[in-house]
Each structure stands twice: as C-alpha cells, then as structure tokens.
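The values are calculated or read from the model by the stated rules, or taken from the named source; none is laboratory data. Everything quoted here is computed from the prediction, not taken from an experiment. Note that we place each Cβ from the backbone using ideal geometry, even for glycine, and neighbour counts take in every protein chain shown.
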Amino acid sequence: MIPISVCIIGKNEEKHIEKCLEPLTHYPLEIIYVDTGSTDATKELASKYTDKIYDFEWIGDFSAARNFSLSKASHNYVLVLDCDEYLTSLDLDGLNEAIETHPRGSVGQILRKSFSDSQYRKEYSYDRVDRLFHKRNFHYIYLIHEQVADIKTGYTDYERYDIPVEVDHFGYVGTLDEKRRKAERNNALLFKEIERKPEEPYFYFQIGQSYNLIEDYENAYIYYKKAFELPLLMENEWVHVMANNFINVMVQTGRAAEALELYTPVYEDYAINQQFLCSFGSLYLNQDPPQPLKAMMEFVKALQYSPDSEADDYSGMAFFSMSYANELLGNFTASASFLMKSAEKGYPLALEKLEEMKKDMKERGMI
C-alpha cells in the first residue's frame, strides 16, 4: 500500500469535524489537521481522531494554509479534504492501483456529492475535484477557491485521473443568511485576486458561483458574463461548469434569448456532455414563444450519451424536460411516459410532480 496523508484545514468546524475525521480512522491513513484560529471546540474534537494537529495563523490565504498542511504530511502522496466533506467510500486496492498506473505528474480526482438547500437546484449534484497528488510536484495557488498547480510551471492544466474515493459535501447547506455570510467572506478574497489579476476569468467565475448559490442571480449573471468575455481554455473543467451555470442563471433572469444567441456560435465547443445539452435544450423551452421541437432534439442528443457513472448521468433531467416539451405540444400521453421515466431515474423534480399529481387526484376523489 502506498502511504498517504490526508490533509485538512479548518476553523470553528465543531459541527463538521467529527463527521469528517471519524470515517478516515477506518483506513491506514495519516490524518493531518491544521487549525486556522478556532474559538470553539474544533481542536478538542479533532484530537479524538488524530494527534497530528497544528496551528496556522490565518492570513486571508487558503492556499497558504493548504500548503502548510502539506508540509506537515509525513508521506509524499496527499489526499486533501475539507471539514464539510464526509468520506462515504474508499477502495484501498483500487486507489493503490490508480496511483501506480499514473505518472507522478498527474492528479487524482475524487467524486463529490454536494448538497444544497436552494429551491432552484437539484437536491444534490455531483462533480469531480482534484484532491490526490504528489506533494513534491504540486501545491496550491490563489487566495480562495484554491487550485492544485504544478510547482515548477504554476500551470493548472495537467493529466487527471479518477480515484475510488467518494465524499458527501455540505458546503452550502444552512440558512440563507449563513450562506450569504459565507459568500461575502469568499467574495472579499476573490475581489483581492481580481485586483492582482484582472484578466483571469477563474476569479469572476467563482464570484458568479457564490452569488448563484445564494440565489442572487443578477449579480451571478454579471460575473459569469465577465468571465465568459475573457479568453477561456476549453481544457479547464470549470469552463464547462460555468457554461451550464451561466445558461441556468440567464434563464432565471429572463435572458434565455440572450443565452441562445451567445452559445449557438460556440455550440460545438460545449456540447460534449449530457448536462450542457440539457441546459441548451432548456433554452428553447424558455424562449418566447417556446420551441419544444428544437428542445426535444437536444434532449434526444443528451440521451444518446452513455454516462460513465451516476455523477455524469443527466438522463433523469432529459426525460423530465421531454415530458414538459410534450406537454407544450399537447401530447399528454408522451408527457406522462417521460415523466415516469424521469421518476424512475430518481430525478427530484419528477418525483415532486408525481406526488403533487397524486395529491390532486386524491383530493378529487379519483384514487
């Protein structure tokens, strides 16, 4: 087994720290916890699971804290987690094999299931994030929303591979006021980054993300648009995340026509996964008047993809949207059929609609 250190930083995380650390103790992993100034019981609770606890004076720089945690790791390979991420699955043999079969200059990605309280988003969403690497080859850059970068070149474009590690993420769960305060803290650091590098689209993207997650769609639109106006490297995964989120924000703010005009010329650059095709199809449904036939073509394309995992499977969304498109066309039999297919995929909006239909039928005495 290749020795691995798990590196975690945190501050005032007594609500999360035990749920984060306890699952890690079931594996032969070194656990490093770096505290950046807690005034609650975080460190005391952490000490129940590891004796590798270190203090770091907070200087408004997440990368500095991350890199300090890397310096405390005894092993060269490090797995980085956040306090609000709880390990749900880890295959040691598969992890060892993945490391051995990939060069030291590549980075492993965990599968993250992120939960959100927003009424406009799915109950949860999946993404893959860079978290496993050799600390002599990589470190962190940026004050916030830090990214893994090659130590020699500073580049964030490198070979990535999937590792059999899965976590649940609860970063934006809480009251709207709590999420707003977190967004304000994050954005304050992002504005500093923009002062230093005003032509870096990543920072505008992240500010847009912060506003999107607290449902401030007008401000999200402003910063996504600024990011999109700057040169983008299509190889960066966040560019494709931004494309989907920007489309959804424009729909929320009544700018579906603008979104269609913006993305049609660059369609081929982005139409490489189910999620974008579903988002693009939704643009046709939100035109004035709606264009359900053109929308259906995008959803059919989406369903032709064979996702590698549940994280990449947006067929439930596609079926739900096809149900709505057929409803607009007056084909209620097909609409009901696609709604059932969406529900079978566990798509939350389909399940919610079916419950509403059952409740209505019960009230009418039909069941």
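Side notes on the structure shown:
- Checked against (1) of a type in the set (S, T, N, Q); (2) touching a residue at least 24 places away in the same chain (Cβ under 8 Å); (3) within 23 Å of F203 (Cβ to Cβ), N76 passes all but condition (3).
A quick yes/no check of all residues on (1) assigned by TED's automatic domain parsing to the domain that holds D127; (2) at pLDDT 95 or above; (3) within 22 Å of the chain's Cα centre (by Cα):
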{"position": "G330", "(1), (2), (3)": "no, yes, no"}
{"position": "L339", "(1), (2), (3)": "no, yes, no"}
{"position": "P348", "(1), (2), (3)": "no, no, yes"}
{"position": "L354", "(1), (2), (3)": "no, no, no"}
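- Within the stretch 130-145, restricting attention to residues that are surrounded by fewer than 22 Cβ atoms within 10 Å (Cβ to Cβ) and within 14 Å of the chain's Cα centre (by Cα), the residue that is modelled with the highest pLDDT is D130.
- Filter result (part of a helix (DSSP H, G or I), over 15 Å from the mean Cα position of the chain (by Cα) and of a type in the set (A, V, I, L, M)) within the stretch 215-250: A220, I222, A227, I247, V249, M250
- Of the residues E193, E218, E261, E268, the single one that is more than 29 Å from N326 (Cβ to Cβ) and surrounded by fewer than 14 Cβ atoms within 10 Å (Cβ to Cβ) is E218.
- Among the residues of the stretch 59-92, those that are under 26 Å from the mean Cα position of the chain (by Cα), exposed (fewer than 14 other Cβ atoms within 10 Å of the Cβ) and not β-branched (V, I, T) comprise G60, S89, D91.
- Output for the stretch 96-129, where each listed residue is among the acidic types (D, E) and modelled with pLDDT of 90 or more: E97, E100
- Lone unmet requirement of (1) touching a residue at least 40 places away in the same chain (Cβ under 8 Å); (2) under 29 Å from A318 (Cβ atoms); (3) in contact with a helix residue (DSSP H, G or I) (Cβ under 9 Å, 6 or more places away or on another chain) for Y124: (1)
- Residue match in the stretch 50-72 (condition: touching a residue at least 40 places away in the same chain (Cβ under 8 Å) and assigned to a strand (DSSP E or B)): no
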